[in-house]
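Participant: Right, I'll just put the structure down here and ask away after.
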Amino acid sequence: MKFNLKALLGDNFIRGTFILTFVTLFSAALNYLVHPLLTRQLSVSEYGDYQTLLSFMTILSIATVVVTTTLTKEFSVLSETTPEEIKFLRHKAASYLSYFGLAVFVFILLSIGYLNKFFKLSSPATLVVVSLILIYGFPLAVNKALLTGRKYFSALSLNNFIDAASRLVLVIIFVIFLPWGLIGASLALGLSGFLSFLISFKQIRKIALPEKKIVFSGEYKKIRRYGFLVLCFTALAQFFYNFDMFSVKFFFNPEEAGLYGAMLTIGRIIFFIGSSVPLVMFPAVAALKDCSDFRKYRILGKSLGLMSILAIPTALFIAVFPEFSVRMVVGVKYLSIVPYLPTLTLVFFLLTLLTVLAQYFLALAKRRSLLVLFFAAALEIILISVFHDNIWQIINSLGIVFGTASFVLLVLFFSDYLSFRRKRFFLV
């Protein structure tokens, strides 16, 4: 037993996952402390607006996630080949992307009237406030990519923890002490990552990079091409994560949208707890893209096992004790959502499974899986557009979409694995 524990802790992949998971649990706890505060300080309709702002910020983060994912792959490869090129690539990427983020912020500022026609927020200025994250978000994304690509998971975990803690502190200041309501909540969203942005530069200086700095010799065109693939994957992932909230906001009244937002707050606990797994898996698989052994398949197997160990008990707890979960997370005025939670936990487990599988295929640049996600997104649009008479129809539609997409991706994985085994057998 001691040997097994020692071997387990000696596995870099598992150790990195548990480091991130442990800190993610604390970060998720801090993030979720925000919601009980807001549900008790804001009206139900205002909380629905907050969930819409949260989804809007997630959409804004698509670009930064693309940057982080693309550069993580590049930094992980350079770490194995020519680490002397890392500093040059990081500085150039941070410089160009900072200007891009500022340009997008100005565009949102000029388009605020049009955007609010779609989002239907009680205070349009909150969209601009949330968009403040664009001003510093891109250089932060570059720094996080370097921490991930170099497998500095402890530093990355600390950075994510500071991000979550900052949001909680800002909500306490702007919503509790200074009762600014929805504006205060949006300020907490827009500024929550600023402290982690400042600290990330100190963390980067501690990374053991070669003193020698040489010009990046890789192809920027290749990076952009892979970046476009990442953009497609990330946009679809965020679509699956947010489209239902936007649909409910559009089809249902503000009170019902607020109740649905509270359901998402509870269901997303499952997703957040399992989210550390693909974060550790991605650089490990990306570095093995051209490897001629079974390691990348074993890494996915470990990832699915760890994801299940983390997500299934959480989902079961919420499903078995839905009323307790509601009282603890969002408060008694949302008790009417209790009947939906057992089914919703299954939906979010399937979404977590889908995310792990999609990140695996993205790390290997497998474009076939992208077609699966496109068809799944089209199916979700069709189902929700046709079936939106009540919340049950929305939940059932999501379950069909996430379950079908996960099943097809698993089929693709096993097909690829069996094909690889046949090739190895004939070579031997």
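The values are calculated or read from the model by the stated rules, or taken from the named source; none is laboratory data. From a predicted model like this one, the values you see are computed outputs, not experimental measurements. Here the Cβ is made from the backbone with ideal geometry for all residues, glycine too, and neighbour counts use every protein chain on show.
Participant: So the check is Cβ under 7 Å with 6+ separation or different chains; which pairs have a first residue in the stretch 188-205 that's closer than 14 Å to Ala165 by Cβ and a second one that's part of a loop (DSSP other than H, G, I, E, B) and of a type outside the set (S, T, N, Q)?
Facilitator: Taking only residues 6 or more apart or on different chains, the pairs are Leu191/Leu132.
Participant: Of all residues in the stretch 385-417, which are within 28 Å of Tyr297 (Cα to Cα) and among the polar types (S, T, N, Q)?
Facilitator: Those that are within 28 Å of Tyr297 (Cα to Cα) and among the polar types (S, T, N, Q): Thr404, Ser406, Ser415.
Participant: Here's another thing I want to ask about it. Out of (1) surrounded by 14 or more Cβ atoms within 10 Å (Cβ to Cβ); (2) farther than 20 Å from Thr58 by Cβ, the odd one out for Gly227 is which?
Facilitator: Result: Gly227 fails condition (2) only.
Participant: List the residue pairs whose Cβ atoms are under 6 Å apart, where the first residue sits in the stretch 366-378 and is surrounded by 12 or more Cβ atoms within 10 Å (Cβ to Cβ), the second is among the β-branched types (Val, Ile, Thr), and the two are 6 or more positions apart or on different chains.
Facilitator: Qualifying pairs under 6 Å: Val372/Val408; Ala376/Val401.
Participant: Taking the stretch 207-237 only, how many residues are under 20 Å from His91 (Cα atoms), small (Gly, Ala, Ser) and in contact with a helix residue (DSSP H, G or I) (Cβ under 8 Å, 6 or more places away or on another chain)?
Facilitator: Total satisfying the criteria: 3.
Participant: Then there's this: Checking Val320 against (1) at pLDDT 85 or above; (2) touching an Asp or Glu at 6+ places or on another chain (Cβ under 7 Å), only one condition comes out false. Which one?
Facilitator: (2)
Participant: Follow-up. Please verify whether Tyr360 is surrounded by 22 or more Cβ atoms within 10 Å (Cβ to Cβ), on the phi < 0 side of the Ramachandran plot, in contact with a helix residue (DSSP H, G or I) (Cβ under 9 Å, 6 or more places away or on another chain) and of a type in the set (Ser, Thr, Tyr), treating the condition exactly as stated. Talk me through it step by step, then tell me what you get.
Facilitator: Details: surrounded by 22 or more Cβ atoms within 10 Å (Cβ to Cβ): yes; on the phi < 0 side of the Ramachandran plot: yes; in contact with a helix residue (DSSP H, G or I) (Cβ under 9 Å, 6 or more places away or on another chain): yes; of a type in the set (Ser, Thr, Tyr): yes.
Yes, satisfied.
Participant: Are there any pairs, at least 6 apart or on different chains, whose C-beta atoms fall under 9 Å, with the first in the stretch 306-318 and farther than 16 Å from Leu350 by Cβ and the second at pLDDT 85 or above, and if so, which?
Facilitator: Note: pairs meeting the criteria are Phe317/Phe324; Phe317/Ser325; Phe317/Thr345.
Participant: Moving to a separate point now. Run down Ile312, Ile395 and say which single residue is out of contact with any Leu (no Cβ under 9 Å at 6 or more places or on another chain) and in a helix (DSSP H, G or I).
Facilitator: Numbers: Ile395 fails: out of contact with any Leu (no Cβ under 9 Å at 6 or more places or on another chain).
Result of the check over Ile312, Ile395: Ile312.
Participant: Answer with yes or no whether Lys87 is more than 19 Å from the chain's Cα centre (by Cα) and at positive phi. Quick ask: steps written out before the conclusion?
Facilitator: Details: more than 19 Å from the chain's Cα centre (by Cα): yes; at positive phi: no.
Judged against the criteria, Lys87 is not a match.
Participant: Considering only residues that are among the polar types (S, T, N, Q) and part of a helix (DSSP H, G or I), look in the stretch 211-250 and name the one that is farthest from the chain's Cα centre (by Cα).
Facilitator: Step one: list which residues in the stretch 211-250 are among the polar types (S, T, N, Q), which gives 217, 234, 238, 242, 247.
Okay, now just the ones that are also part of a helix (DSSP H, G or I), so 234, 238, 242, 247.
Values: Thr234: 9, Gln238: 8, Asn242: 11, Ser247: 20 Å.
Among those residues, the one meeting the criterion is Ser247.
Participant: Check off (1) in contact (Cβ under 8 Å) with a residue 40 or more places away in the chain; (2) farther than 30 Å from Val230 by Cα; (3) of a type in the set (A, V, I, L, M, F, W, C); (4) surrounded by fewer than 23 Cβ atoms within 10 Å (Cβ to Cβ) for Val330 and give me the number that stays unchecked.
Facilitator: Condition (4) is where Val330 drops out.
Participant: If we keep just the residues of the stretch 106-116 that are touching a Pro at 6+ places or on another chain (Cβ under 8 Å) and of a type outside the set (A, V, I, L, M, F, W, C), which is surrounded by the fewest Cβ atoms within 10 Å (Cβ to Cβ)?
Facilitator: Start the filter on the stretch 106-116 by keeping residues that are touching a Pro at 6+ places or on another chain (Cβ under 8 Å), which leaves 112-113, 115-116.
Still in the list and also of a type outside the set (A, V, I, L, M, F, W, C): 113, 116.
Numbers: Gly113: 8, Asn116: 16.
Among residues in the stretch 106-116 that are touching a Pro at 6+ places or on another chain (Cβ under 8 Å) and of a type outside the set (A, V, I, L, M, F, W, C), the one surrounded by the fewest Cβ atoms within 10 Å (Cβ to Cβ) is Gly113.
Participant: Do the conditions hold for Phe375, that is, is it out of contact with any Lys or Arg (no Cβ under 8 Å at 6 or more places or on another chain) and under 22 Å from Leu259 (Cα atoms)?
Facilitator: On the way: out of contact with any Lys or Arg (no Cβ under 8 Å at 6 or more places or on another chain): yes; under 22 Å from Leu259 (Cα atoms): no.
No: the conditions fail for Phe375.
Participant: If you don't mind, another one. Please go through the stretch 71-105 and pick out each residue that is under 29 Å from Phe243 (Cα atoms), of a type outside the set (D, E, K, R) and surrounded by 13 or more Cβ atoms within 10 Å (Cβ to Cβ).
Facilitator: Passing the criteria: Leu71, Thr72, Leu97, Ser98, Phe100, Gly101, Leu102, Val104, Phe105.
Participant: Among the candidates Phe56, Phe88, Phe105, which residue alone is within 24 Å of Val329 (Cβ to Cβ) and not aliphatic (A, V, I, L, M)? Before the answer, list the steps.
Facilitator: Working: Phe88 fails: within 24 Å of Val329 (Cβ to Cβ); Phe105 fails: within 24 Å of Val329 (Cβ to Cβ).
Answer to the check: Phe56.
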